[in-house]
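S.K.: Sharing a structure, written as structure tokens. Questions coming.
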Amino acid sequence: MERIVIISNKAGIHVRPAAKIAELANKFKSDILLNKDGVEVNAKSIMDVLTLAAGEGTRIIIKAEGEDANSALNELEALINSKFSEE
């Protein structure tokens, strides 16, 4: 399963948003990947998420596979669309 999201907060994915993504992703049993321009990283690793260098307006594909994949996609999409509660 996958979902396409656009990073809409002005600062993009920096340390705090990356930590929120990894923390949320780790609550799920599913394997969760983030894809930016063909580069895929483990959403459960803050360091991997940071390597995406995803600024405002970046298109990210969230991929999840496993028993709770749909819930993971819904919650991660909501987190990203909330601008990580930073604005």
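The values are calculated or read from the model by the stated rules, or taken from the named source; none is laboratory data. Owing to the predicted nature of the structure, the values given are computational and were not obtained by experimental measurement. Glycine also receives a Cβ, built like all others from the backbone with ideal geometry; neighbour counts cover every protein chain displayed. Heads up: the accessible areas ignore ligands, DNA and RNA and are worked out on the full protein's heavy atoms, side chains in. Shrake-Rupley method; radii C 1.70, N 1.55, O 1.52, S 1.80 Å.
S.K.: May I ask you to list the residues in the range 2-25 that are out of contact with any strand residue (DSSP E or B) (no Cβ under 6 Å at 6 or more places or on another chain) and either open to solvent by 90 Å² or more (accessible area, probe 1.4 Å) or hydroxyl-bearing (Ser, Thr, Tyr) (or both)?
M.R.: Result: 8, 10, 15, 16, 23.
S.K.: It is to be established whether one or more residues within the range 51-68 are assigned to a helix (DSSP H, G or I), acidic (Asp, Glu) and modelled with pLDDT of 95 or more.
M.R.: no
S.K.: Follow-up question, since we're still on this one. Please indicate, with yes or no, whether at least one residue in the range 34-42 is among the aliphatic types (A, V, I, L, M), assigned to a helix (DSSP H, G or I) and surrounded by 12 or more Cβ atoms within 10 Å (Cβ to Cβ).
M.R.: No, every residue in the range 34-42 fails to be among the aliphatic types (A, V, I, L, M), assigned to a helix (DSSP H, G or I) and surrounded by 12 or more Cβ atoms within 10 Å (Cβ to Cβ).
S.K.: For a quick check of your reading of the model, give me the residue pairs whose first member lies in the range 43-72 and is touching a residue at least 40 places away in the same chain (Cβ under 8 Å) and open to solvent by less than 30 Å² (accessible area, probe 1.4 Å), whose second is of a type in the set (D, E, K, R) and in a helix (DSSP H, G or I), with beta-carbon atoms closer than 9 Å and at least 6 apart or on different chains.
M.R.: 62/77
S.K.: For residue 75, indicate whether it is open to solvent by 50 Å² or more (accessible area, probe 1.4 Å), part of a loop (DSSP other than H, G, I, E, B) and not polar (S, T, N, Q).
M.R.: Here the answer is no, as residue 75 does not meet what is asked.
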